[in-house]
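Data block below; observations after.
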């Protein structure tokens, strides 16, 4: 606080003296940039100094707020009280009664636990608050400059500028809201074959109808649904009734000229619960999708398996294909018919998963895919065909849909001349033999490309055969008949790694560096490529503000860990702990808050000893306590909103 008896310069001197030295010496990135795609107006002055921090940059609150401990204790008490109520019952941690990905907490408040347990929790809360007072200074310096703070305030609900996430994890971008809205309408929403515009009254009436369909669905199939599934669908409808999905876009900076990717955010809507349940069910079909790859590591494993079979023929080439607009170009009627054929085939082969009623799955799919209602600004829409990118089931829907064509047309027809074919959602990778006696001639190659595009209304851009392609995060080459890989990074990537001043836990950088180096190590066949990308990563972290003293020990330790993992056998199995034996403290992280070790000491002293006792001895048999930190608000939370801020006279409706 300023001293009124001192001159202004004296107060300023005291203020700067009180700031930690790291504010001046380390932690400030030297590489600060963002994608500025403003066309008619200049972006706010200094915007690169804010968005250059990265959208994951967490804001440090200038005070330790009491609400964080209150919130933690409320959640902890609820958890402990339910455990106490059901202490005599057997653990129900199975798919019939509890599915982690499909669980919504009840809004019912449990009764108080036994007096000794309530006393222990009260004491723990008092001690936590007393301990926090020891660590909380009167004023905590923010990790945003005055310019950055002013820009955050300006962009929060700005009608002129819109901050977006660049596609493919390529950083943050800023554009004029008017240009984004106009281009979104012209590229996507004005297509009357895909989207139907509704009045607010029509949209509200149809949303109520959808909610009735959801209720009818989980009521009609109650016998087929497990207790956990039925409860999830019912609670999801009760919690999210009356909420519309929201349309927004990300920007494809890697496309020239740049385009927008349409996303319908269904989070927090009743239909999202049905879609999440459908995703959960369809995910069980992945073992029957032979071309499916989960991620870059899975793809790399496929390539390694092929290498183990020996050298490829000299005429082996690689082909890559990219779906033009997969989600919106999946014809709903065709996809539903395809899904039925896929499921019935598995049923005939005796491979259909347990509790997998085909009619129930198809009814849920119809509900999710045919009733995508959303708002964008002052307009409301219904998607007529295709899949909404943003609905939880979208990825599994796309994977399984095209799989039928792969299994019954492409793979059987070209298997003898195609050693490998795999697909990551809308990206196909294949190794084919071209020319020679055992390879495709030009006619067969043209037929191969035509067959890829001959399924529904879905269309693909198929590249020419090559000995080198960039696929996912890898550059894949064929050298002397063997497949070699190296890390691929897009030229437009801004490499906005977390900076030291972000309000993240200090141990976070160790895990990030270790996992990143492990990724680079498996991605690069040649050791020199690994060392090149590892040193480049080190230099990029230095440009993001990290000092040598912090980074060098982490890099050395991470590399030693990588070398030791190559020599070690399979890791030992971990002992599973049931939900009843485990309790979690959920606390928002703050760099100036009580250290994690001290929280554990307080828990062990005031709660741990009692709660770890057996039920017969008055405890709850809790053998493990985990401190789970949640992040504070980051720049994405503060500058990017799903709800569109519209300038008067420039509403979405004016562009139709």
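The values are calculated or read from the model by the stated rules, or taken from the named source; none is laboratory data. Keep in mind that this is a model prediction, so the values were computed, not measured. No Cβ is skipped: glycine too gets one built from the backbone with ideal geometry, and neighbour counts run over all protein chains shown.
Results for (1) assigned to a loop (DSSP other than H, G, I, E, B); (2) on the phi > 0 side of the Ramachandran plot; (3) surrounded by fewer than 18 Cβ atoms within 10 Å (Cβ to Cβ); (4) at pLDDT below 85, shown as yes or no for each residue.
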residue	(1), (2), (3), (4)
3	yes, no, yes, yes
11	no, no, yes, yes
20	yes, no, yes, yes
56	yes, no, yes, no
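For the residues 444, 406, 464, the requirement of being part of a helix (DSSP H, G or I), touching a residue at least 60 places away in the same chain (Cβ under 8 Å) and either at negative phi or surrounded by fewer than 18 Cβ atoms within 10 Å (Cβ to Cβ) (or both) singles out 406. The set of residues in the range 342-379 that are closer than 19 Å to residue 271 by Cα, touching a residue at least 40 places away in the same chain (Cβ under 8 Å), in contact with a helix residue (DSSP H, G or I) (Cβ under 7 Å, 6 or more places away or on another chain) and surrounded by fewer than 22 Cβ atoms within 10 Å (Cβ to Cβ) comprises 361, 363, 367, 371.
Taken over the range 598-656, the criterion of being under 30 Å from residue 159 (Cβ atoms) and assigned to a strand (DSSP E or B) is satisfied by 634 alone.
This table checks each residue for (1) buried (at least 21 other Cβ atoms within 10 Å of the Cβ); (2) at negative phi; (3) in contact with a strand residue (DSSP E or B) (Cβ under 7 Å, 6 or more places away or on another chain).
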position: 270; (1), (2), (3): yes, yes, no
position: 279; (1), (2), (3): no, yes, no
position: 299; (1), (2), (3): yes, yes, yes
position: 320; (1), (2), (3): no, yes, yes
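Considering the range 374-403, and only residues there that are at negative phi, assigned to a loop (DSSP other than H, G, I, E, B) and more than 23 Å from the chain's Cα centre (by Cα), the residue that is modelled with the lowest pLDDT turns out to be 385. Residues that are touching a helix residue (DSSP H, G or I) at 6+ places or on another chain (Cβ under 7 Å) and over 15 Å from residue 82 (Cα atoms) were ranked within the range 98-111; the one that is surrounded by the most Cβ atoms within 10 Å (Cβ to Cβ) is 102. Taken over the range 563-610, the criterion of being at pLDDT below 90 and under 30 Å from residue 538 (Cβ atoms) is satisfied by 563, 564, 565, 566, 567, 568, 571.
Selection of the range 112-133 for residues being in a helix (DSSP H, G or I) and touching a residue at least 60 places away in the same chain (Cβ under 8 Å) yields 116, 117, 120, 121, 123, 124, 127, 128, 129, 131, 132.
Every residue, every condition in (1) touching a residue at least 40 places away in the same chain (Cβ under 8 Å); (2) surrounded by fewer than 21 Cβ atoms within 10 Å (Cβ to Cβ), yes or no:
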| residue | (1), (2) |
| --- | --- |
| 432 | yes, no |
| 450 | no, yes |
| 477 | no, yes |
| 484 | yes, yes |
| 488 | no, yes |
| 492 | yes, yes |
| 501 | yes, no |
| 518 | yes, yes |
| 523 | yes, no |
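Residues in the range 155-170 that are surrounded by 15 or more Cβ atoms within 10 Å (Cβ to Cβ), touching a helix residue (DSSP H, G or I) at 6+ places or on another chain (Cβ under 8 Å) and either modelled with pLDDT of 95 or more or assigned to a loop (DSSP other than H, G, I, E, B) (or both): 158, 160. Restricting attention to the range 183-229, the residues that are more than 25 Å from residue 328 (Cα to Cα), part of a helix (DSSP H, G or I) and in contact with a helix residue (DSSP H, G or I) (Cβ under 7 Å, 6 or more places away or on another chain) add up to 4. Taking the criterion of being surrounded by fewer than 22 Cβ atoms within 10 Å (Cβ to Cβ) and under 28 Å from residue 200 (Cβ atoms), the residues of the range 230-253 that qualify are 234, 235, 237, 238, 239, 240, 241, 242, 243, 244, 246, 250.
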